[in-house]
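One structure is given here, and the rest of the page talks about it.
Readers should treat all values here as calculations from the given coordinates under stated rules, not as data from a laboratory. Everything numeric in this text was worked out from a predicted model, so none of it was measured. Cβ atoms come from the backbone with ideal geometry, glycine included; neighbour counts cover every protein chain shown.
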Amino acid sequence: MKHPRALLNTIIVATGYLASRVLGLARDVLISNQFGTSAELAAFRASFGILDLIYLVVAGGALGSAFIPVFSAALEQRRDAWRLASAVLNLTLLALVAACTAVWICAAPLVALTVGRGLDEAERALTVDVLRLMLIQPFLLGVGGLAKATLESFNRFALPAIGSNLYNLGIIGGALLGPWFGIYGLVWGVNIGAALFLLVQLPGLRAVGATYRIGRQPSDAHPTRLPFLSFFHAEGVGQVLRLLGPRIFGQSAWQINIIAIVSLASTLGSAALAANAYALQLMMLPHGLIALSLATVLFPDMARQYAAGDRATLRATALGGVRAVLFLALPASAILGVLALPVLRALYQRGAFDDTSAALTAEALAMYALGLAGFAAAEIVVRAFFAMQDTRTPVIVGIGAVALNISLGWSFLELGMGLGGLGLAFSLANLFEATLLLALLGRRLGGLEHDFFRATGAMILATLACALTLALLHRSSYAVLPFVAPGDTYRWPGDFLPILVWLTGATVPGGLVYAGVAALLRVPELGATIARGQRILSRVRLR
């Protein structure tokens, strides 16, 4: 791996994800102020379970993970890579049209049986209406996702990152229209944002020499075949489809898992459904910044290392990525878990998002945070399997994790554990998935190093010390600073700046305790993180 370029790409992707997540927070702040945990927002959030199923299965991560290795190999071997890309695009368009048409026709029974199972008749009707209006979103994101995968094959990460931010800006624009158009302002903001995500990447495709080739060469066996339908004559299409098959199954299982969570949350009422969505979105903030950014950069490198037969470097890249992710994700999980209520108050509690909304969301967030490290680590390990062109293993493990999540979630609800039970089920399932995938990756690449276990154990001890410090600081502040305590104790805007100051004052010592224990136990990632930060700062100063 070329470390300077990898560092630059990581910075680009991490910056893009940071901007995307910051914009996502701004988006959710505006949405929470306007809609709180209302039935309108519940309908909007519920619709995304089905929309994401279309996007992720047809043209999201599934297609990217199958397309990038085959397309990269075609480029390396100087085969007609653009003919392959054109054929895959044609297949993607056909699949998206079919999927969106089917969902439009079956929207009412689909909502009633899945994401709207616990909603009343009026709330279900609103969800159906919102879902149908937003069906243009997965189509645009699907084509944009293929453009993103193509650019990332050339190590071009900037435009896809910009596109993700423009998508959020579109939704923010829709949220600002909320006072006039209600939830429909958000709906059209989503569609406009999806269009911007695709359009901004088109100049990048032109820069890398992309050409749309409808299909045939003069030597093809069927000269009378319609060009648009000549999918399978491009070399490599069959390989993409073979890799895509298990991945589609896995993505379907994962999104069914999310739909099941939404469905279970809906049985607790529309407010619980909306609160659960806020908690999941907030948990995804550190996941996107820490895990997705690094995994996006490492995936093409690991694919090239596997193609070159360099197993030792692939093993070092994968395990090094997991350790780097764990080092940052573990303290983030402690902060979100222990300080869930103060964090939510500082971010969202204003306007329609009241103390009841904050308490509901905090109940879920505290439990979701427990699984953040496993969720983040699995992102790297899954990409390592995909780089080895093995989509079957992570899919089988993922299906097991989904089954565990759904069964635990249903059981915990039956025991009266509420939204916290759904969050705990999600966390346990993700920890199971990450642990099993790591064990299988170790077997594939010659075993996990002793240093890996020692460093991971030391990080866990440092996290426990950090969590204990945060819990003591939080509990000891109740009497003096009531706005951090549970109940109707927080007032906007008077308590906003004080709670921000308190959060800073609590997280800094918590972070110092984590770093101190990590230094005492000689965790290498501490020095690597500090060095990486110094290199980034030096680059900024030079500019």
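When the Cα positions of 439, 418, 407 are compared along the charge dipole of region 381-449, 439 comes out farthest toward the positive end, with charges on each C-beta of Lys, Arg, Asp and Glu.
Centre-to-centre separation between the Cα atoms of region 156-171 and those of region 364-393: 23 Å.
Here the dipole of region 94-193 is about 260 debye; that uses its Cα centre as origin and unit charges on the Cβ of Lys and Arg (positive) and Asp and Glu (negative). A viscosity of 0.890 mPa s and a temperature of 25 °C, combined with the Kirkwood radius over C-alpha pairs in the Stokes-Einstein formula, give the chain a diffusion coefficient of 101 µm²/s. Per-residue 3J(HN,Hα) values for region 319-334, derived from phi via the Karplus relation 6.51 cos²θ - 1.76 cosθ + 1.60 with θ = phi - 60°, read 5, x, x, 4, 5, 4, 5, 4, 4, 9, 6, 5, x, 4, 5, 5 Hz in sequence order (x marks Gly and Pro).
Here the label points at residue 104 and residue 522, each 7 Å from Cα along the C-beta direction, are separated by 6.5 nm in the simple model. The modelled label-to-label distance between residue 120 and residue 94, using points 7 Å beyond Cα along the C-beta direction, is 4.7 nm.
Note that region 30-167 carries a Kirkwood radius of 16.6 Å, evaluated over its alpha carbons pair by pair. Measuring from centroid to centroid over Cα atoms, what is the spacing of region 271-321 and region 35-49 in Å? Answer, in whole Å: 28. Charge dipole (Cα centre; +1 on Lys/Arg Cβ, -1 on Asp/Glu Cβ; no other charges) of region 281-402 amounts to roughly 320 debye. Gain on full extension, evaluated as 0.36 nm per residue between residue 460 and residue 496 minus their Cα-Cα distance, stands at 9.7 nm.
Relative contact order for the chain: 18 percent, from Cα pairs under 8 Å spaced at least 6 residues apart, divided by residue count.
Distance distribution note for region 278-408: the fraction of Cα pairs above 18 angstrom is 60%.
In order along region 294-304, phi translates into HN-Hα couplings of 5, 4, 4, 6, 6, 4, x, 5, 5, 5, 5 Hz, rounded to whole numbers, per the Karplus curve 6.51 cos²θ - 1.76 cosθ + 1.60 with θ = phi - 60° and x for Gly and Pro. Computed from the C-beta positions of residue 468 and residue 77, the FRET efficiency with R₀ = 51 Å rounds to 0.40. Region 83-145 and region 450-503 have their alpha-carbon centroids 40 Å apart. With both labels modelled 7 Å from their Cα along Cα-to-Cβ, the residue 354 to residue 443 distance reads 5.4 nm.
In a simple Cβ point-charge model (Lys, Arg +1; Asp, Glu -1; nothing else charged), the chain has a dipole of about 1900 debye relative to its Cα centre. Placing one equal scatterer on every Cα of region 110-218 and applying the Debye formula, the log10 ratio I(q)/I(0) at q = 0.14, 0.16 Å⁻¹ is -0.68, -0.80. If you plug the beta carbon distance of residue 133 and residue 435 into 1/(1 + (r/R0)^6) with R0 = 41 Å, you get a FRET efficiency near 0.50. Amide H contacts of residue 485: none lie under 5 Å away among residues 5 or more positions distant or on a separate chain (H built 1.01 Å from N in the peptide plane; Pro and chain starts excluded).
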